[in-house]
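Here the structure comes first, spelled out in structure tokens, and everything after it is commentary.
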């Protein structure tokens, strides 16, 4: 390990970064890819399994029509061609997360291939990312390692839950992306965000990275800059690393920063980059080497004899093409008009990756401006402080809409609403539940407020005279004192009215 | 003619996590070569004008509707497992010192 690490910016002065991303999208079908077991999260272990997904002898897989349909729609949305005939293949490997000792995937004949998708960056620049393929495959089960430190290394043994084994996935593989320079990390992040937006708009996946329904592997390599007069395309790609388990948008950017700096330091020191799989560590924002990548030959791919080829008719493909949603960029422009956001406001919302969140919050009943205020204000501040993405905060769009409803109905003021929100973020329940449990409510009991106002006026006798003198703004000091006395729960407008009435002044 | 040498058999054994000693390797490389050579005879008739066939039966799009069918109970699912714990299949250590 080199002691000196060059910064991302320094490395990119000398090298051209090349990246590729594999995104696994978990489809939200009712059932698994090759059997009728439920495709659902959170059931008791090994209760959504059957002879097919447990790989028991004599069982035969049958393809889920809906999964094929979702894969084709996704392929079309990514501008891919759809193969007239595609087939499944067995990918053999020894790891107990699949009971069969092989994963059913697609190899030489993926259903969708050769597409391209426009990605719009924060400042409005459009970058086109080439899509190599989008193929259908089954997900693996979940291992729990027992003993040691809880990781696979040093474990005494492992426990396997096959509920997720056989759940349909589409794996989207980009073509190598070159020449993005300093914007490499930003482009990679925006690409994954775009894929997420597309699968959500298609309604084929909930696209939630924090729950693993959208997962990304990031390949990165460096090659020297061609320099003045040189042809960058003539310089071969360098050795690449493949960073697994990069499961938030923020982590995509950080993983690329880390790998650029790490590989740049190695190359600058005259050392070689090893082609390998690396693991992403959220806590340290760094990657460490995993097992050395098995060669494709080692997987001994061969056509799956138990499954017939997928041969969608031209008619069916065109029918599916007609169901495609608009591109996220078009949707974004329409939402901006609907919400009445200024260009700058919308740009900030896009940069914070809050378009979908605000859309969901508005759908849950909040006004667009209120939704923007909460997500881009208080919540953005908290996300920033804690180093998380907005989407990963433990608060839902429904919570925010409920919070805003509490404010709009006069049950909470802004200060109390922020306390309720803090409670929600701390896992105490929805804002309404927090407000009830913590006793947060605006005090609008006239008698109680009147005595609080009288007490405050008595302690600051000069204020009353000032108000009566026409300096109505002096009432603010009394409002402040009453708020303090009531723990911020007084209805400020009512308090003000009482003060003015006491002073004999019209409000 | 296609034949498997000893080193290739040793590599396959390592991938398959099968422990073979020198005598096994000698014996199996001979036997496996004979099998591979026999299968390789197909190549003599597979001329370029014969397309490769993975699915000899002319069927495609054998799909099922996306409808949930009953799964096994956890008890039945684990019944044939050599070891189980907490409703899960218990498997031996996955990574040894080689990792």
Review point. If we keep just the residues of region A:454-493 that are in contact with a strand residue (DSSP E or B) (Cβ under 9 Å, 6 or more places away or on another chain) and surrounded by 18 or more Cβ atoms within 10 Å (Cβ to Cβ), which is nearest to residue A:419 (Cα to Cα)?
Key: A:489
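Among the residues of region A:289-297, is any closer than 20 Å to residue A:191 by Cα, free of Cβ contacts under 8 Å to residues at least 60 places away in the same chain, outside any helix (DSSP H, G or I) and touching a strand residue (DSSP E or B) at 6+ places or on another chain (Cβ under 7 Å)? Before you say what the answer is, go through the steps one by one.
Taking region A:289-297 first, the residues closer than 20 Å to residue A:191 by Cα are none.
No: region A:289-297 contains no residue that is closer than 20 Å to residue A:191 by Cα, free of Cβ contacts under 8 Å to residues at least 60 places away in the same chain, outside any helix (DSSP H, G or I) and touching a strand residue (DSSP E or B) at 6+ places or on another chain (Cβ under 7 Å).
How many residues are closer than 23 Å to residue A:393 by Cα and buried (at least 18 other Cβ atoms within 10 Å of the Cβ) if we restrict to region A:202-243?
The first filter runs over region A:202-243 and keeps only residues closer than 23 Å to residue A:393 by Cα, leaving A:203, A:205-217.
Checking which are buried (at least 18 other Cβ atoms within 10 Å of the Cβ) leaves us with A:205, A:207, A:209, A:213-217.
Adding up the residues that qualify gives 8.
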Study note, to complete from the structure: When every residue in region A:66-82 that is surrounded by 20 or more Cβ atoms within 10 Å (Cβ to Cβ) and within 15 Å of residue A:173 (Cβ to Cβ) is compared, the one farthest from the chain's Cα centre (by Cα) is A:80
Practice item. Take residue A:13 and decide whether it is surrounded by fewer than 21 Cβ atoms within 10 Å (Cβ to Cβ) and in contact with a strand residue (DSSP E or B) (Cβ under 9 Å, 6 or more places away or on another chain). Key: no
Review point. From the list A:134, A:140, which one is within 14 Å of another protein chain (Cβ to nearest Cβ) and either closer than 20 Å to residue A:70 by Cβ or crowded, with 19+ Cβ neighbours inside 10 Å (or both)?
Key: A:140
Check your understanding: Pick from region A:25-61 the residues that are free of Cβ contacts under 8 Å to residues at least 60 places away in the same chain and at the interface with chain B (Cβ under 7 Å from one of its Cβ atoms): which of them is surrounded by the fewest Cβ atoms within 10 Å (Cβ to Cβ)?
Key -> A:44
Check your understanding: Can residue A:275 be described as free of Cβ contacts under 8 Å to residues at least 40 places away in the same chain, more than 13 Å from chain B (Cβ to nearest Cβ) and closer than 25 Å to residue A:108 by Cα?
Key -> yes
Exercise for review: Restricting attention to region A:453-481, report how many residues are within 14 Å of residue A:500 (Cα to Cα) and touching a helix residue (DSSP H, G or I) at 6+ places or on another chain (Cβ under 6 Å).
Suggested key: 13
Review point. Taking region A:307-357 as the region of interest, how many residues are assigned to a loop (DSSP other than H, G, I, E, B) and surrounded by 14 or more Cβ atoms within 10 Å (Cβ to Cβ)?
Key: 12
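Every number in this text was worked out from the coordinates using simple rules, so none of it is lab data. In this text, all values refer to a predicted model and were calculated from it rather than measured experimentally. Quick reminder, even Gly has a Cβ in these numbers, built from the backbone with ideal geometry, and neighbours come from all protein chains shown.
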